[in-house]
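Asks: Got a structure for you, written out below as structure tokens; questions coming shortly.
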Amino acid sequence: MWADAVTPKYYQEEYMGESVEADDFNRYRARAADVINQYCNYAFDHHVLTDLPVIEDQENVKKAVCAEIEYLSAIGGTTELADRDNLLTATTIGSFSYSQSGAKPLSRDNAQLSVAALRYLRPTGLLYRGAGQFG
């Protein structure tokens, strides 16, 4: 997998991320890589990290994966992301009505991607389709 460059050692010593349980790291890294790949218009379906010609872009992608790992750890895991679409937001029974605001389905525009990860990806050009980042 292209995100294997983000090792626990890199996460802890280079990125200096918040502590993540060793048992959770690989699961969070896999999910983080999927999310980053989605935001990068699936560029890593056909490329690996070292295909990026600029070393700084490679580092920024690794840091984006780390930021997403940290985000997943902070929200309590990947289940939160999976279950958000199934949250009850409104119901009506007879004359009784209940609604809950603030529970938005996940989309590219909200909490699926950490803000820090997005900031790391911006200078790479990977967020923009057709920018030709790969040699």
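Every number here is computed from the coordinates shown, using simple stated rules; none is lab data. Source: prediction; values computed, not measured. No Cβ is skipped: glycine too gets one built from the backbone with ideal geometry, and neighbour counts run over all protein chains shown.
Asks: For region 34-67, list residues with backbone N below 12 Å from a point placed 7 Å from the Cα of Ala116 toward its Cβ?
Replies: Residues 63-67 qualify, since their backbone N sits under 12 Å from the label point.
Asks: In the neighborhood of Thr7, defined by Cβ-to-Cβ distances under 12 Å, what is the net charge if each Lys or Arg adds +1 and each Asp or Glu adds -1?
Replies: Combined, the nearby Lys, Arg, Asp and Glu give 0.
Asks: By per-residue mean of other Cβ atoms within 10 Å, what is the highest-first order of 58-65, 114-121? Don't jump to the answer; show the numbers that get you there.
Replies: Working: 58-65: 22.6, 114-121: 18.1.
So the peptides 58-65, 114-121, ranked by packing, come out 58-65, 114-121.
Asks: Residues of region 1-29 with amide nitrogen under 18 Å from the 7 Å Cα-to-Cβ point of Asp51?
Replies: 1-6
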